[in-house]
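Student: Following this message is one structure expressed as structure tokens.
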Amino acid sequence: RYQPTWGSLDARPLPAWFDEAKFGVFIHWGVFSVPSFGSEWFWWYWQKEKREPYVKFMDANYPPGFSYEDFGPLFTAEFFDANQWADILKASGAKYVVLTSKHHEGFTLWGSKYSWNWNAVDVGPKRDLVAELATSVKNRTDLHFGLYHSLFEWFNPLFLEDATNAFKTRKFPTSKSLPELYEIVTKYQPEIIWSDGDGNAPDTYWNSTGFLAWLYNDSPVRDTVVTNDRWGAGSICAHGGFYTCSDRYNPGRLLPHKWENCMTIDRRSWGYRRDAPLRDYLPIEDLVKQLAETVSCGGNLLMNIGPTHDGRIAVVFEERLRQVGAWLKVNGEAIYGTKPWRAQNDTLTPGVWYTFSPKEGKVNAIFLNWPVSGILELGEPQAKLGETQVKLAGYKELLKWVAMGEKGMVIALPQLTPQQLPCQWGWTLQLTDVN
């Protein structure tokens with residue numbers, strides 16, 4: 001049994017499915033999706049920091065005295081179809097999904113009995129959105145279902161009172177945050193608990209180790225659940241399951257501990273923005289590059305979309321997810337279930353990232369630029385005459401190559417028209433029997 005100490009909890013092996021999955025989709029959805037302006041931190045920027053664009057936006061478009069709570073009933077979700085979402089998630093090639101069950105605004109997407117009149121069953125959609133998505137994901141896909149949960153809430157009076165007392169009192173975690181965590185685990189059995197927002201309070205205030213000991217020992221998901229590292233001030237990148245370290249974390253090198261790069265397709269916001277121009281959405285080339293880099297360095301990629309207040313996944317997000325899925329259909333063997341190789345990227349040619357498939361003993365070289373000459377030079381793999389074979393994923397015939405001894409190898413790529421290419425945004429060479 002795990003003890004409620006970091007020493008004991010950190011020694012728990014990470015369930016194998018998480019490292020094998022490699023790719024997940026993050027969904028930021030909540031009352032912030034109603035103003036859908038600036039950022040999911042709308043309430044904080046408008047009310048607390050009083051940032052000018054937010055104040056001006058409210059003055060110009062809403063009556064005086066309009067409060068953030070007044071956005072609640074406008075979070076309607078009338079177009080939310082959990083089956084449709086599940087089908088898009090499946091088409092993306094993702095192996096897990098993480099939904100914001102509650103962001104820092106405190107609004108829960110399920111009918112929490114600890115969030116009276118500030119949840120999706122009492123206000124707005126009048127539906128249990130967590131239950132609907134959990135059911136569809138479990139019935140229609142093989143994705144692992146996960147939930148994001150914010151420990152703190154910006155304007156909760158109990159939290160503010162505890163903060164004033166320098167967290168010597170614990171009214172908020174005992175009456176709100178912890179009961180919610182136990183509630184979502186028992187009710188929805190998520191296989192990922194993606195904790196966030198410690199409010200600068202230590203893990204002892206949150207009783208994070210007590211909750212995690214229960215999660216790992218006695219909860220209905222004790223054998224398969226994975227957790228992240230955001231469990232109190234000072235725990236990020238140090239304690240918990242996999243490390244996130246910071247948002248959009250991409251070290252570009254191999255790390256000794258399992259990590260995740262959580263990032264957004266809209267480079268400026270996690271929540272939906274009605275006024276986002278096309279240039280703010282990462283193109284598919286960038287997303288494939290992030291996936292290849294992250295996986296080669298031992299990480300998972302968690303790619304975020306922000307649905308609209310009425311429950312739609314905007315077509316630009318749907319297109320990006322389906323594009324990643326199309327790429328993974330061809331190149332998935334170089335991603336899923338792989339391990340980092342001895343070299344992460346090539347020393348000779350930039351834009352080449354390596355993974356290793358242990359079952360087949362294959363080295364995968366993902367190259368992001370098709371060379372004009374049709375000749376690809378690789379400085380890392382050392383080929384063996386008469387033994388090494390080189391395949392292009394999605395192309396039938398073996399490729400010709402020349403060994404350069406310790407300087408690597410040179411590979412002749414097939415001459416293909418754009419229509420004949422197995423995919424469009426990055427390709428995989430599968431190398432067998434290389435040193």
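Student: Kindly indicate the residue of the stretch 113-153 that is closer than 22 Å to T308 by Cα and polar (S, T, N, Q) and also farthest from the chain's Cα centre (by Cα) among those meeting that condition.
Tutor: N117
Student: Considering only residues that are under 29 Å from I284 (Cβ atoms) and more than 35 Å from the chain's Cα centre (by Cα), look in the stretch 375-400 and name the one that is most open to solvent (accessible area, probe 1.4 Å).
Tutor: The residue in question is E397.
Student: Can you pull out every residue in the stretch 285-315 that is surrounded by 17 or more Cβ atoms within 10 Å (Cβ to Cβ), more than 16 Å from the chain's Cα centre (by Cα) and part of a helix (DSSP H, G or I)?
Tutor: Answer for the stretch 285-315, where residues must be surrounded by 17 or more Cβ atoms within 10 Å (Cβ to Cβ), more than 16 Å from the chain's Cα centre (by Cα) and part of a helix (DSSP H, G or I): just S296.
Student: Out of all the residues in the stretch 140-175, which are of a type outside the set (D, E), outside any helix (DSSP H, G or I) and within 30 Å of W17 (Cβ to Cβ)?
Tutor: T141, L143, H144, F145, G146, L147, Y148, H149, S150, L151, F152 - these are the residues of the stretch 140-175 that are of a type outside the set (D, E), outside any helix (DSSP H, G or I) and within 30 Å of W17 (Cβ to Cβ).
Student: Would you pick out the residues in the stretch 48-75 that are part of a helix (DSSP H, G or I) and open to solvent by less than 70 Å² (accessible area, probe 1.4 Å)?
Tutor: The answer is Y54, V55, F57, M58, Y68, D70, F71, G72.
Student: Looking at Y188, Y205 in this structure, which one is in contact (Cβ under 8 Å) with a residue 40 or more places away in the chain, closer than 23 Å to F18 by Cβ, surrounded by 22 or more Cβ atoms within 10 Å (Cβ to Cβ) and touching a helix residue (DSSP H, G or I) at 6+ places or on another chain (Cβ under 8 Å)?
Tutor: Y188
Student: Check the stretch 324-334 and report whether any residue there is open to solvent by 30 Å² or more (accessible area, probe 1.4 Å) and more than 27 Å from G24 (Cα to Cα).
Tutor: There is no residue in the stretch 324-334 that is open to solvent by 30 Å² or more (accessible area, probe 1.4 Å) and more than 27 Å from G24 (Cα to Cα).
Student: I need a count of the residues in the stretch 271-282 that are under 18 Å from I313 (Cβ atoms), open to solvent by less than 60 Å² (accessible area, probe 1.4 Å) and not in a helix (DSSP H, G or I).
Tutor: Counting residues in the stretch 271-282 that are under 18 Å from I313 (Cβ atoms), open to solvent by less than 60 Å² (accessible area, probe 1.4 Å) and not in a helix (DSSP H, G or I) gives 6.
Student: If you scan the stretch 242-270, which residues turn out to be open to solvent by 10 Å² or more (accessible area, probe 1.4 Å), under 25 Å from Q189 (Cα atoms) and in a loop (DSSP other than H, G, I, E, B)?
Tutor: Matches in the stretch 242-270: K258, W270.
Student: Please specify each residue of the stretch 4-41 satisfying the condition of being open to solvent by less than 40 Å² (accessible area, probe 1.4 Å), part of a loop (DSSP other than H, G, I, E, B) and touching a strand residue (DSSP E or B) at 6+ places or on another chain (Cβ under 7 Å).
Tutor: Residues satisfying the conditions are P15, K22, H28, W29, G30.
Student: Could you list all residues from the stretch 234-265 that are out of contact with any helix residue (DSSP H, G or I) (no Cβ under 8 Å at 6 or more places or on another chain) and of a type in the set (K, R)?
Tutor: R248, R253
The values are calculated or read from the model by the stated rules, or taken from the named source; none is laboratory data. What you are looking at is a predicted structure, and each value in this text was computed from that prediction instead of being measured. Positions of Cβ are generated from backbone atoms using ideal geometry, with glycine treated the same way; all protein chains shown enter the neighbour counts. Surface areas here come from the heavy atoms of the whole protein model, side chains and all, with no ligands, DNA or RNA. Shrake-Rupley method; radii C 1.70, N 1.55, O 1.52, S 1.80 Å.
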